[in-house]
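Each remark here refers to the structure printed beneath this line.
The values are calculated or read from the model by the stated rules, or taken from the named source; none is laboratory data. These numbers come from a predicted model, not from an experiment. As a convention, Cβ positions derive from the backbone with ideal geometry for all residues, glycine included, and neighbour counts pool all protein chains shown.
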Amino acid sequence: MKDTFGRNIDYLRISVTDRCNYRCVYCMPEEGVEKRPHSEILSLEEIEEIAAAAVSLGVRKLRVTGGEPLVRRGVADLCRRLGALEGVADLSLTTNGALLPDMAQELKAAGVNRINVSLDTLRPDRFAAITRCGRLDDCLAGIQAALKCGMSPVKINTVLIGGFNDDEIQDLAELTVRDPVDVRFIELMPMGHPVPFGPEAYLPVTAVRERLGDELEPAGADGGVAKLYRLKGAKGRIGLITPLSCEFCGCCNRLRLTADGHLKPCLHSAEEIPVRGLHGAALRQAILAAAAAKPASHGELSAACPSHSAREMGRIGG
Ligand code: SAM
Ligand code: SF4
């Protein structure tokens, strides 16, 4: 499936719920998202049908996300069904890791080989503060559970926040020395609701290169959005992801499906295309329309110029 700029759209991110067991301050308001009745959320069968239609149009990569995907009942079964769709070459999942110790094995058996776990800090007090209710040890145990059951790669997503965790760049990077994990530093994006950080929080991830300097050696690209480096002798790599710039819009290959059945052509645009209730040719037509609606780039994104998305990240999935 090509968009109007010739980009090959072969990646669908699927938000299976907008609920979450955490309330990360940059992602959700303290009270969480408005609880909507289950009837407003796509059933697992509807998700499978929409994913199958996208796959029939050339989508090859699926990522399950949330809110927190692991709080959705039946998520492992959904993964099994998505992974079994003919044409799917890659099935992955993004999670805060809290429920992974109990679920990693089941997810692996369901075909989730690759996993991203979000982890912004290695200090228990900071972890509790940024997630508003999470425990660092749960997340660390989740990462170990993913490694133990053979998921690979295990990627750690770290939102770099100036004045909050930029003094932990070295410690977070060193996770790649102990374990075969990739730590990916991602710029904080101004989305949705006001966050309790000033403009200094929107720190370019080039700060990581400056901090680690000579210790870093280039490690190529991952075929996605990260520029990769490695600490000398480390088992895993360090990725730098720069969503504030439009650097990777030119090779954007993705659509996003929200839990209530809308396709987002671009993370930072307000445009959404409803697909719930559509079947067969009408569904495929709507998916093609979403691909055709992808803009060339998301335009300026900064503290002064926030995202145009009508939803915060927790209702899109990253
Ligand atoms: N709950 C899962 C998790 O935390 O990994 C999946 C959904 S979460 C919305 C996906 C990713 O988006 C997480 O890595 C999170 O840190 C990131 N994220 C959320 N809000 C963000 C923001 N304003 N800027 C940058 N990344 C953000
Ligand atoms: Fe939940 Fe993930 Fe958002 Fe944190 S980033 S509130 S874990 S959806």
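Quick notes
- Hits in the range 87-101 (condition: over 10 Å from ASP138 (Cβ atoms) and either away from ligand 1 (no atom under 15 Å from the Cβ) or surrounded by fewer than 19 Cβ atoms within 10 Å (Cβ to Cβ) (or both)): GLY87, VAL88, ALA89, ASP90, LEU91
- Considering the range 274-298, and only residues there that are loosely packed, with under 15 Cβ neighbours inside 10 Å and in contact with a strand residue (DSSP E or B) (Cβ under 8 Å, 6 or more places away or on another chain), the residue that is nearest to SER118 (Cα to Cα) turns out to be PRO274.
- Filtered residue count, the range 284-304, keeping only those that are touching a residue at least 60 places away in the same chain (Cβ under 8 Å) and either within 13 Å of ligand 1 (Cβ to nearest atom) or of a type outside the set (D, E, K, R) (or both): 9
- Any hit, the range 16-36, residues being surrounded by 18 or more Cβ atoms within 10 Å (Cβ to Cβ) and away from ligand 1 (no atom under 14 Å from the Cβ): no
- Which numbered condition GLU247 misses (of (1) in a loop (DSSP other than H, G, I, E, B); (2) over 22 Å from the mean Cα position of the chain (by Cα); (3) among the charged types (D, E, K, R)): (2)
- Looking only at residues of the range 175-193 that are in contact with an Asp or Glu (Cβ under 6 Å, 6 or more places away or on another chain) and at negative phi, we find that the one that is nearest to ligand 1 (Cβ to nearest atom) is MET191.
- Cβ-Cβ under 6 Å pairs, at least 6 apart or on other chains, the range 307-318 side closer than 16 Å to LEU93 by Cα and more than 8 Å from ligand 2 (Cβ to nearest atom), far side at pLDDT 80 or above and not basic (Lys, Arg): ARG315/ASP18
- Pairs with Cβ under 6 Å, 6+ apart, first in the range 164-189 and farther than 21 Å from SER152 by Cβ, second surrounded by fewer than 22 Cβ atoms within 10 Å (Cβ to Cβ) and basic (Lys, Arg): ILE169/ARG211
- Of everything in the range 149-193 that is in a helix (DSSP H, G or I), closer than 17 Å to GLY97 by Cβ and not charged (D, E, K, R), the residue that is nearest to ligand 2 (Cβ to nearest atom) is LEU172.
- ILE130 falls short on exactly one of the conditions (1) β-branched (Val, Ile, Thr); (2) in contact with a Cys (Cβ under 8 Å, 6 or more places away or on another chain); (3) more than 19 Å from ARG19 (Cα to Cα); (4) part of a helix (DSSP H, G or I), and that condition is (3).
Here's the yes/no breakdown for (1) at pLDDT 95 or above; (2) not polar (S, T, N, Q):
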{"position": "THR17", "(1), (2)": "yes, no"}
{"position": "PRO37", "(1), (2)": "no, yes"}
{"position": "ILE47", "(1), (2)": "yes, yes"}
{"position": "VAL59", "(1), (2)": "yes, yes"}
{"position": "LEU62", "(1), (2)": "yes, yes"}
{"position": "GLY83", "(1), (2)": "yes, yes"}
{"position": "LEU91", "(1), (2)": "yes, yes"}
{"position": "SER118", "(1), (2)": "yes, no"}
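- Within the range 240-273, if we keep just the residues that are among the acidic types (Asp, Glu) and touching a residue at least 24 places away in the same chain (Cβ under 8 Å), the residue that is surrounded by the fewest Cβ atoms within 10 Å (Cβ to Cβ) turns out to be ASP260.
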